[in-house]
1. Compare the peptides 487-493, 315-321 by average per-residue count of other Cβ atoms within 10 angstrom and give them in order, highest first.
2. Calculate the FRET efficiency for Ala318 and Asp128 from the Cβ-Cβ distance with a Förster distance of 35 Å, rounded to the nearest 0.05.
3. Measuring from label point to label point, each 7 Å out along Cα→Cβ, what is the Asp96 to Glu242 span in nm?
4. Using the Cβ atoms and a cut-off under 14 Å, what net charge is assigned to the surroundings of Leu426, where Lys and Arg are +1 and Asp and Glu are -1?
5. Once phi is turned into θ = phi - 60°, what whole-Hz ³J(HN,Hα) does the Karplus curve with 6.51, -1.76 and 1.60 give for every residue of region 18-24, x standing for Gly and Pro?
6. Full extension from His119 to Ala508: what is 0.36 nm times the residue separation minus their Cα-Cα distance, to one decimal in nm?
7. Hey, can you grab everything whose amide H is under 5 Å from the amide H of Leu423? Only 5+ residues off in sequence or another chain; H modelled, so Pro and N-termini drop out.
8. What does the extension gain come out to for Glu531 and Arg639, with contour length at 0.36 nm per residue minus their alpha carbon separation?
Amino acid sequence: MHILVVNDDGPPSTSSSPYVHSLVRELQQAGHLVSVCLPHTQRSWIGKAHIIGQTVEPTYYRPPPPSVLPAGIAPQDGEPDNAGTLHTRPHRQAGDDAPEEWVLVNGTPASCVQIGLYHVFRERPPIDLVLSGPNFGRNTTAVFALSSGTLGGALEAATCNKPAIALSYAFFSKNHDRDIIAEASRHSVRVVEALYKQWPQDRSVDLYSVNVPLVAGVSTHKTVYASILQNYWREGGCFVAEDVVEDDAAAASATDAEEEKIRASEQQQRAAAGGGSTPSATATPGKTTPSSGPAPITHRHFKWQPHFTDVYRSVDEAPPGNDGWAVREGLTSITPLKANFFQTATHLHETEFQLDAPASTQPATAADVPLSSLSIAEPATKEQAPPSLASGETLYALVSYEDPYVQPIILDALKAAVPESQLQLLTAAPGATAPTADEPVSLQALLDGVVAAETASSPKILQITPYEVIDFDYAASHAASTVINSYIIRKALIRKHFLANTVEQWVAKRPQSVLASHVKRTETFEVDYAEFLDDALVEAFDMRASLDANEAMEDEADRQWWILKPSMSDRGQGIRLFSTMDELQNIFDGWEAAQEEAGDEGFGDEEDDHNDAVAAADLRHFVAQPYIHPPLLLPGTDRRKFHIRVYVLCLGALRVYVHRDMLALFAATAYTPPWVTTASGDGEEGSNGPDLAAHLTNTCLQDEADKGDSVRRFWDLEEAEGLENSAGSASIKDAIFDQICRVTGEVFEAAAVAAPIHFQPLSNAFEVYGLDFLVSAGAPASSSSSASTSASATSAATAPVTAWLLEVNAFPDFRQTGTGLQDVVAQFWADTLRLVVRRQVFGQASGDDADGEAGGKEDEEEERGGLVLVKDVALGRR
């Protein structure tokens with residue numbers, strides 16, 4: 001790999017740039033070609049600046065030879081000089097004896113990137129990666145990152161369409177131990193190499209900000225993804241005022257000396273972060289003289305002296321998970337970034353900003369041409385603001401979704417759907433942030449004293465909270481005016497063994513159903529103790545026959561493999577693969593042994609997203625299905641298996657919508673067939689089995705360092721090669737989406753009609769679901785025990801791919817979408833709440849009503865946004 005190294009601290013120096021040569025040497029020892037272009041002097045806090053009108057002039061630095069201590073690290077008595085040498089002209093003779101040479105320019109870090117990429121190193125191979133740093137100090141939190149020259153260099157590289165990494169070393173002591181620096185450099189090279197190898201191909205990341213704490217053993221500590229903490233300068237700010245002494249007014253300290261003082265001050269302020277700051281001698285802001293005018297301005301000079309205590313205090317006050325917290329805990333933090341400004345209030349995009357009415361009513365013109373005709377934008381076609389709803393009624397909304405990832409998204413979506421004048425948000429209690437199951441919410445109590453007496457009998461209410469705290473009693477007694485975000489009963493879909501029974505009953509009476517060829521046949525059973533497993537499988541005829549047949553096959557590739565799932569668990573926990581009865585028995589024996597060792601409380605940690613064990617309470621109901629092989633593997637995905645996450649809206653009783661913007665979630669490693677085994681591959685200590693990292697696509701089970709580009713937009717994936725859609729379309733993705741829509745609509749209808757005891761849609765409720773589909777390559781056989789020769793099954797058999805329904809999740813974990821694709825979740829909720837508010841809360845019909853007015857199709861499509869109506873079942877409860 002050819003790496004361009006830049007920084008903002010300048011050439012090696014014990015006082016201002018002690019790390020860069022150590023890093024360059026480690027990169028070279030790892031086999032990389034390294035080209036170096038640095039500012040000729042300290043350029044910290046300059047961001048992504050260029051100096052207008054400047055002619056940038058280079059000089060040339062030759063670092064000491066490999067036999068000498070890296071430049072920038074202070075030598076001890078008796079050690080040779082390691083300062084390197086500076087030259088006005090480059091060494092022109094090539095060959096093995098030619099000295100290593102860096103380019104220094106009298107510019108900024110961003111200038112170094114431009115000159116390094118496009119000029120001084122053009123005779124070398126193309127540059128693969130720009131590495132900016134390592135910075136002399138941390139670049140955590142927004143206050144540091146927004147001004148950082150190190151980040152500025154990486155941002156400049158990203159805008160030049162080059163992968164870029166900003167690397168910073170967070171020191172905690174001025175004692176720069178050479179062993180700690182060497183370990184940090186070795187560790188940084190590993191991080192850089194891994195990031196480059198896993199760089200997302202969907203352009204969701206332009207650059208990474210990496211902060212490595214300078215602590216002993218850093219290479220053995222975790223490396224985690226972390227957000228940039230949003231913090232702000234407080235009263236201290238970045239400058240202090242000084243009275244002007246005329247005789248000394250022209251005196252100025254050298255830049256390097258000032259920077260060294262700042263770094264010393266940084267360490268002192270960190271130690272004192274818990275205490276208060278000394279008030280400045282400046283005048284009180286806003287103070288006026290006794291006269292009527294403002295106070296006169298006092299002539300002062302202002303010295304750069306940032307108040308770092310603000311930064312460290314903000315980290316201490318913030319919850320864990322941010323970059324400042326990670327470094328404080330001795331962890332290496334990685335923050336994926338785009339080379340743009342973060343966008344907020346996205347619901348306002350593509351709408352017109354409303355100005356106050358001008359004093360004159362005459363149209364503004366330019367050369368007698370109305371300004372409206374000079375616009376370079378298309379006329380606005382979307383609603384400029386939420387339309388007024390019903391007869392000016394107020395919507396009282398309780399939004400407390402518990403998940404900090406999706407809570408602000410829901411609030412933004414609701415505010416985009418309801419005019420501000422008609423929306424009043426309710427809070428659970430003074431000072432409370434969210435209701436809980438231990439303290440359930442009472443809508444009536446929240447409304448008392450808030451709703452006007454004349455409307456107190458039936459105000460419009462919308463409750464969006466976790467299932468456990470929904471006020472079902474109030475919603476039932478005020479069905480005409482209250483909408484809640486969950487049905488009371490929906491086990492027929494969200495429990496794996498119930499879902500299996502639902503599909504089995506539906507297909508038994510309707511063998512032509514699309515579910516017959518898009519849901520794998522499922523064996524359900526209960527196991528209380530591992531020794532009774534054989535008895536539990538007495539009625540699992542198909543699976544027992546398959547396992548018996550497998551025993552006689554010497555070649556495991558010829559076997560039919562099965563997948564085991566605990567029915568009550570989620571987040572991918574407890575999933576295992578097996579092909580024989582002995583393998584299945586070993587799985588249960590291993591679980592039981594681990595449970596006995598852990599005690600009565602079991603060994604599953606519900607708070608641990610990366611724990612694939614199973615809580616003791618979940619070890620009873622199980623489902624087993626034939627393993628789907630081979631999965632569809634697409635170009636540009638490193639041959640990793642993936643499943644599709646589909647967000648679904650169920651409205652009332654019963655309309656079902658699929659959101660078109662779907663996600664693809666990838667396994668951590670390249671796909672291998674289930675018969676390819678590794679040591680302890682099935683998760684049981686000391687056993688051999690399939691490598692689950694290649695098979696399980698639930699990103700909850702992946703460490704942050706492994707996730708990389710594990711979540712992508714489905715529609716951004718490359719098309720499969722050599723496959724054609726039997727319907728004549730060139731797009732396999734369109735064929736997959738069509739199958740997903742048909743299966744989704746059918747499975748909800750099956751639950752509502754065939755399992756009404758366990759799925760009971762309510763007219764005054766809506767619910768969002770996450771459905772998971774796995775796509776197999778090749779034509780499917782009918783998944784039911786009785787194969788169908790119907791038109792539906794025949795059509796499925798001719799398709800080059802098949803979308804198999806895996807499971808249905810209520811209250812899906814939106815966090816797995818990640819920050820890079822958060823707009824997918826935002827759009828889903830915007831479309832959902834627009835439909836909920838208009839149709840359910842305020843009863844405004846749209847074109848998909850049976851009694852909708854003719855000509856309303858355009859309004860209906862506008863209302864739905866990305867939601868596609870896939871089933872409309874009249875259950876008599878609308």
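No value in this document is a laboratory result; all are computed from the given coordinates. This is a predicted model, so every value here is computed, not measured. Heads up, the Cβs are rebuilt from the backbone with ideal geometry, glycines too, and the neighbour counts pull from every protein chain shown.
1. Those peptides, ordered most packed to least, come out 487-493, 315-321.
2. The calculated FRET efficiency here is 0.45.
3. 5.5
4. -1
5. x, 10, 5, 5, 4, 5, 4
6. 132.9 nm
7. The list, which skips near neighbours in sequence, is Leu395.
8. Full extension from Glu531 to Arg639 adds 35.0 nm.
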